[in-house]
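The values are calculated or read from the model by the stated rules, or taken from the named source; none is laboratory data. Keep in mind it's a predicted model, so treat the numbers as computed, not measured. Glycine gets a Cβ as well: all are built from the backbone with ideal geometry, and neighbour counts include every protein chain shown. Just so you know, the surface numbers come from the protein's heavy atoms only, side chains and all, with ligands and any DNA or RNA stripped out. Shrake-Rupley method; radii C 1.70, N 1.55, O 1.52, S 1.80 Å.
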Amino acid sequence: MDTTDVLIVGAGPTGLALGIDLARRGVAARLVERADALFPGSRGKGIQPRTQEVFDDLGVIDAVLASSGPYPDRMVWRDGERVGEESMFERFEPDAGTPYPAPRMIPQWRTQEILYARLLELGGKADFGREVTGLTQDADGVDVAFADGTAVRARYVVGADGGRSGIRRALGVGMTGETVDPAPFVVADLRLRGLDRVYWHAFSAADGSVLGLCPLAHTEEFQLAARLPEGAEPDVTADGVRELVARYTHLAAEDVTEVRWASEFRPRAALADRFRVGRVFLAGDAAHVHSPAGGQGLNTSVQDAYNLGWKLAAVLEGAPGTLLETYEEERRANAAAMLELSTGVHRGEVQRGRATVQLGVGYRESSLSAETRTEPGPVRAGDRAPDAEVSGGRLFDLLRGPHWTLLGATAAPRAGVRTLPSAPESYGPGVFLIRPDGYVGWAGETATQDLAAYLDGVGVR
């Protein structure tokens, strides 16, 4: 039987991001995908500022920025006439600690191509056409069986295999949630003529149904997203998509020159009852399913991978196994908050903007966050570590990579910890230990014995 340290099931954004993070740490990991190729659609097209920071650290931000564009304003149509435009986002001024101030739009298929190319560059790979049919685990590892009769034994398994996760079902983990909208939705990638690519075009009907056509940057395609009347039966054939365009817009069916991909869904919000069972973890849509409104699903999923990767690597290198308990502790609470946010955006209760960029996501309540100062400043243990001007450049340049960073110390307390003599003024007074995923793990008045004990607990020897 083949063996590996980590088996990742699912080559979507979650699995690919985790594969990249483990590959750059030298972890023996295998990535398997049931489908024969990468996902072909545009579904998760919004990349939030916090995810852009993660992509910077993973080495793909330049490609993502080059292949993406800003969110266009919405153009509202009625009876074949333009009746006005509106911003898709609440405008706010980013602070100096935010190098990527606005969401970017890029079709999911392109994001996955970029991530996959980076994985290959780091020596990783994905095995396509590998369907998991069962798993069993013991105290030392997990045996995973595939439809082709082969099997793999892994020390840990991560189920990143989507909302209908076979790994989650094999574990017997339930999902708790609600229907966000009773209406059926259709999403499709298409090419058409007769519509400009400046705006996100919105066409509504008297019954409350609506169709949007959003140009996808650096492609010739539009994403169609339609909310149909309750009780309607979606037709996602090419002719069905053409008929939708003709029904809701001033365009004719023949103006749709190509339908490249189409799917239907019913928006729901659901959270896995557990994110971990023994040596098996759930991440991404396997752990939480969002309405696409607000662009939180893919982004929350990438954050799962970014949180789990360094912890798996640390435990494999000898850190206490209890470190892995903090994955569910930190990510399930955040996923629950993001689900509530996505649902609020879908129902028009929350505006896209400051609330949805994920820069405020943090772990102050985590057992992994140690705030030892009597009077903490603006940046505290558990907070995202903001960027700042530092000696020789930008702080994010120092943070980039799979290491820990200590701000406010002249000497590294352990091998593998980078140091900066002082923390940025914007952080307030103190010494700050930055986790590999860019959050403050420990903060103190000085680099005391408490810091040494903390480093022991997270496996920094």
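Tabulated values for the structure
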| read-out | value |
| --- | --- |
| Ranked by how many other beta carbons lie within 10 Å on average, peptides 266-278, 6-18 from highest | 6-18, 266-278 |
| FRET efficiency estimate (nearest 0.05) - Cβ-Cβ, ARG164 to ALA253, R0 30 angstrom | 0.40 |
| ARG266 versus ASP5: modelled label distance in nm, points set 7 Å from Cα along the beta carbon direction | 4.3 |
| Cubic angstrom per residue, convex hull over Cα atoms of the range 39-132 | 152 |
| D_trans [Stokes-Einstein, Kirkwood Rh over alpha-carbon pairs] for the range 80-236, 25 °C, 0.890 mPa s, µm² s⁻¹ | 119 |
| Sparse-neighbour loop sites [GluC sites (Glu not before Pro); the range 1-98; at most 15 other C-beta within 10 Å; DSSP] | GLU90 |
| Test item: Cα-centred dipole of the range 1-121, Lys/Arg +1 and Asp/Glu -1 on Cβ, debye | 240 |
| Dipole magnitude (debye, nearest 20) for the chain, charges at Cβ of Lys, Arg, Asp, Glu | 560 |
| Distance between modelled label sites at ALA333 and ALA28, nm, 7 Å Cα→Cβ extension | 3.6 |
| Accessible area (Å², per residue) of the chain, counting only protein heavy atoms and a probe of 1.4 Å | 41 |
| Relative contact order (percent, whole number), the chain, Cα cutoff 8 Å, 6+ residue spacing | 16 |
| Over the range 206-254 - Rg/Rh using Cα atoms and the Kirkwood inverse-distance radius | 0.98 |
| Centroid-to-centroid separation of the range 69-111 and the range 207-245 [C-alpha atoms, Å] | 19 |
| Which of GLY97, GLY80, GLY69, positive extreme of dipole for the range 63-143 (C-beta unit charges) | GLY80 |
| Spatial separation of Cα centroids for the range 356-433 and the range 271-335, in angstrom | 22 |
| Virtual spin-label span in nm between GLU425 and ALA232, 7 Å along Cα→Cβ | 5.7 |
| Between 0 and 90°, nearest 10: helix 49-58 axis offset from the chain longest Cα axis | 60 |
| Of LEU38, ASN307, TYR454, farthest towards positive along the dipole that unit charges on Lys, Arg, Asp, Glu beta carbons give the chain | TYR454 |
| Net charge over other residues, Cβ less than 15 angstrom from the Cβ of ASP383 (K, R count +1; D, E count -1) | -1 |
